[in-house]
Amino acid sequence: MERFIINGGKKLSGKVKISGAKNSALKLIAASILADSKITLRNVPQIEDVNIMLEMLEILGAKINVEAASKVIEIEPEYINNYEAPYELVRKMRASILVAGPLLSKFGRVKVAIPGGCNIGSRQIDLHLKGFKDLGAEYLVEHGYVNCHIDKNRNGNRLHGTIINLDFPSRGATENIMMAACLASGQTVINNAAREPEISDLALFLNSMGAKIQGAGTDYITINGVKSLRGTDYEVMPDSIEAGTFITAAALCGEKVEIQNARWRNLEVFYSKLKEIGVKITIIDENNIRVEAPLERYKPVNISTLPYPGFPTDLQPVITVLLSVVPGVSIVTENVFENRFMYVDELNRMGADIKIEGHHAVIRGVEKLSGAPVRSFDLRAGAAVVLAGLIAEGTTEVSDIYHIKRGYENFDEKLRLLGADIKLVE
Ligand code: UD1
């Protein structure tokens, strides 16, 4: 089993370039199903989750060409002839359910495995299904699968536009419904939509294929259905969560680290919290920022995760590591996923003093962490224990790092280039 061995205490300096966004690339690959001709995607991160989504499209029948060195992927969706998203892939990656909206809308039917829970909690798909139903589809849940189709007697061959009010601004539901509505007849409105920059990226991509979407990035999205979508050539936006992870690493042990492609405007609440802590951040321009060693001691803060533009739940684990060594008491409240503090026991094994009370983490800053063997529970928790290892005294061994490889491109290599002592061992 692969592990990371980290000898803590090294200072980081230099430049790191942020890769394409996982949470955008996955959706763009799924959305490619809607096109009638070749899609070219650029700046696609070379990560395991992208491989799983490409495998899914291949199972559906699409032809895929990957040019790994240039991070370009070509998808030919004209060959799709299978409409089932199998459990083996959905189990590996929940985001693979995002093929459902495009398949349903383009081919009138889809069979998709129900993902079930994961290491950060129970994750329903009720809002996705309710959206499909509002658009005129029927579905039946049996044997662990959802069978969904357009009732041709009632609705002809297309979904039909309508007003959809989401109970919660779910990102996945907003994306699945937005993709399904592109080929529906008439206008669809998504009210209380998720507002993440990746939703805007998906809308820009779909519009470049000929879709008519307005308002993405706000909580009110309108989609005027079109009869078909064409291929396009599109560059994936940079990954804000990877940027936030490297910024936090630099805040923990950086001397002078330049983060390129950080697109800081996509993370304004995160930046303002870091500034409240006392992290010295200089904005170089729209894309690039610099983090420098602080002049004064950091201060404790309280943080609550919320859907965008609130503090991102995906950066909750890494900010908790930073606060674990800030003198005083900080409270981090997790409002998006109910089970996202499992990694805290690992940090406590490294000497942190964090108590979980319901969905709050009460963090009493300690002077230092000490290296220990720890597990990576999920993608973001994995990044968090690596950051803890960078500042810990002695050696930290991180196991189950396949979680980290799912979403961070060359994580260890990028840290090594900044001066970290981190090794990948079998
Ligand atoms: C996406 C991101 C993930 C991030 C999360 C929240 C991807 C691949 N993943 O996940 O990194 O942590 O947004 O920013 O983009 N919910 C329901 N019913 C539904 C759908 C969601 O109850 O039908 C609940 C979930 O259980 C969860 C919350 O809504 O508690 C947020 O989920 P959602 O916004 O849908 O997250 P994902 O799209 O799965």
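Taken together, the values in this text are just the output of simple stated rules run on the coordinates, not laboratory data. Nothing here was measured: the structure is a model prediction, and the numbers come from that model. Ideal geometry is used to build each Cβ from the backbone, glycine not excepted, and the neighbour counts take in all protein chains shown.
Which three extents, in angstrom, do the Cα atoms of the range 22-235 have along their principal axes, listed largest first?
46, 36, 32
Taking the Cα centre of the range 88-195 as origin, work out the dipole magnitude from +1 charges on Lys and Arg Cβ and -1 charges on Asp and Glu Cβ, in debye rounded to 20.
The dipole of the range 88-195 has a size of about 220 debye.
Less than 12 Å apart at the alpha-carbon level, and either on another chain or at least 8 residues along: which aspartates and glutamates does that give for K368?
D353, E393
Could you grab the relative contact order for the chain? Cα pairs under 8 Å, six or more apart, rounded to a whole percent.
About 21 percent, as a whole number.
If the reach is capped at under 13 angstrom between alpha carbons, list the aspartates and glutamates near K275, excluding any in the same chain fewer than eight residues apart.
Within the straight-line cut-off, K275 pairs with E292, E296.
Pull up the DSSP beta bridges for the chain and report the antiparallel fraction as a percent, rounded to 5.
The antiparallel proportion sits near 70 percent.
Quickly work out the N410-to-L140 label distance, labels modelled 7 Å from Cα along the C-beta direction, and quote it in nm with one decimal.
5.1
So for each of 5-15, 312-322, 35-45 I average, over its residues, the number of other beta carbons within 10 Å; can you give me the resulting order with the highest mean first?
312-322, 35-45, 5-15
Under 12 Å Cα-Cα from K299, which aspartates and glutamates qualify once same-chain neighbours fewer than 8 residues away are excluded?
By straight Cα distance, K299 reaches E276.
So what are the ³J(HN,Hα) numbers for the range 418-426, from phi and the Karplus equation (6.51, -1.76, 1.60; θ = phi - 60°), rounded to whole Hz, Gly and Pro as x?
7, x, 6, 9, 10, 10, 9, 10, 7
Pairs of Cα atoms under 8 Å, at least six residues apart: use those to get the relative contact order of the range 22-235, whole percent.
That works out to 21 percent.
Restricting to Cα atoms and excluding each atom paired with itself, what does the Kirkwood estimate give for the chain in Å?
Taking the inverse mean of 1/r over all distinct Cα pairs, the chain comes out at 22.1 Å.
What FRET efficiency would be calculated for the residue pair I331, S272, taking the C-beta separation as r and a Förster radius of 22 Å, to the nearest 0.05?
Approximately 0.80, to the nearest 0.05.
Please go through the residue pairs K71/K423; K256/K280; K27/K106; K17/K71; K38/K405 and name each one whose alpha carbons sit more than 18 Å apart in this structure.
Violating the 18 Å limit, Cα to Cα: K71/K423; K38/K405.
In debye, nearest 20, what is the charge dipole magnitude of the range 184-312 about its Cα centre with +1 on Lys and Arg Cβ and -1 on Asp and Glu Cβ, if you could check?
Roughly 280 debye, rounded to the nearest 20.
Which FRET efficiency, nearest 0.05, do K11 and E74 yield, Cβ-Cβ r, R0 41 Å?
0.45
Would you work out which of Q46, L89, P77 lies farthest towards the positive end of the dipole of the range 22-235? Charges go on Cβ: Lys and Arg +1, Asp and Glu -1.
Checked the options; the winner is P77.
Run lengths n ≥ 4 of DSSP H only: what is the helix-derived mean residue ellipticity at 222 nm for the chain, with -39500 (n - 2.57) per run over all residues, to the nearest 500?
-9500 deg cm²/dmol, from helical runs alone.
Can you compute the modelled spin-label distance between K299 and T40, with each label point 7 Å from Cα toward Cβ, in nm?
Distance between the two pseudo-spin positions: 5.1 nm.
Amide H to amide H under 5 Å from D36: which residues, 5+ apart in sequence or cross-chain, H placed 1.01 Å off N in plane?
L229, R230, G231
How much space per residue, in cubic angstrom, does the convex hull of the C-alpha atoms of the range 1-127 take up?
Hull volume over Cα atoms, normalised by residue count, gives 152 Å³.
Provide the per-residue ³J(HN,Hα) series for the range 61-75, in order, calculated from phi with Karplus coefficients 6.51, -1.76, 1.60 and θ = phi - 60°, each as a whole number of Hz, with x at glycine and proline positions.
Karplus-based 3J(HN,Hα) across the range 61-75 equals x, 5, 9, 10, 10, 10, 9, 4, 4, 9, 6, 10, 10, 10, 10 Hz.
Can you give me the distance in nm between label points at K152 and D167, each placed 7 Å from the Cα along the Cα-to-Cβ direction?
Result for the modelled spin labels: 3.4 nm.
The range 1-69: percent of C-alpha pairs farther apart than 15 Å?
Across the range 1-69, Cα pairs with separations above 15 Å total 63 percent.
How much length is gained on full extension from I64 to Y402, taking 0.36 nm per residue of separation minus their Cα-Cα distance?
Value of the extension gain: 119.3 nm.
Helix 197-208 versus the longest principal axis of the chain: what angle, 0 to 90°, nearest 10, using Cα atoms?
On a 0 to 90 degree scale, this one is about 30.
Subtracting the Cα-Cα distance from 0.36 nm times the residue separation, let me have the gained length for N339 to S370 in nm, one decimal.
8.6 nm
Quick one: what are the phi-derived ³J(HN,Hα) couplings along the range 304-319, Karplus 6.51/-1.76/1.60 with θ = phi - 60°, whole Hz, x for glycine and proline?
Values per residue, Gly and Pro as x: 10, 7, 8, x, 3, x, x, 5, x, 4, 5, 9, 4, x, 6, 5 Hz.
Could you work out how far the C-alpha centroid of the range 21-69 sits from that of the range 295-344, in angstrom?
What the calculation gives is 32 Å, centre to centre.
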